[in-house]
Amino acid sequence: MNQKQFLALLGFAFVIAWLSFNFGYALLCLLGAGLFYGAGAFLQGELDLGEVQDRLRGSGSGSPSPYAPPPPPRAGARVR
């Protein structure tokens, strides 16, 4: 089964859950599946929670962000 077929099956299962229960319960099923997927990725070592936390905070292991502007020059500093 390739990725497209799996995603199609997942979409079908979501719509079936939506029709069988209601939209709120279908979203809870989707949220639960995502949480268990994340737990499985963590247990297999594919997910580093420290890295995720650094990305959410915007600080990547103590180095400045590549999107941050450079610091302003010091007062009285000469440029050579």
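A short reminder: the numbers here are calculations on the coordinates, not readings from a lab. Nothing here was measured: the structure is a model prediction, and the numbers come from that model. Glycine also receives a Cβ, built like all others from the backbone with ideal geometry; neighbour counts cover every protein chain displayed.
Details
- Ranked by how many other beta carbons lie within 10 Å on average, peptides 13-20, 37-44 from highest: 13-20, 37-44
- Extension gain, L47 to V15, is 8.6 nm, computed as 0.36 nm per intervening residue step minus the present C-alpha separation.
- A full extension of the chain between Q5 and Y25 corresponds to an added length of 4.8 nm, given 0.36 nm per residue minus the alpha carbon distance.
- Pair L35, R57: separation of 7 Å Cα→Cβ label points (nm): 2.5 nm
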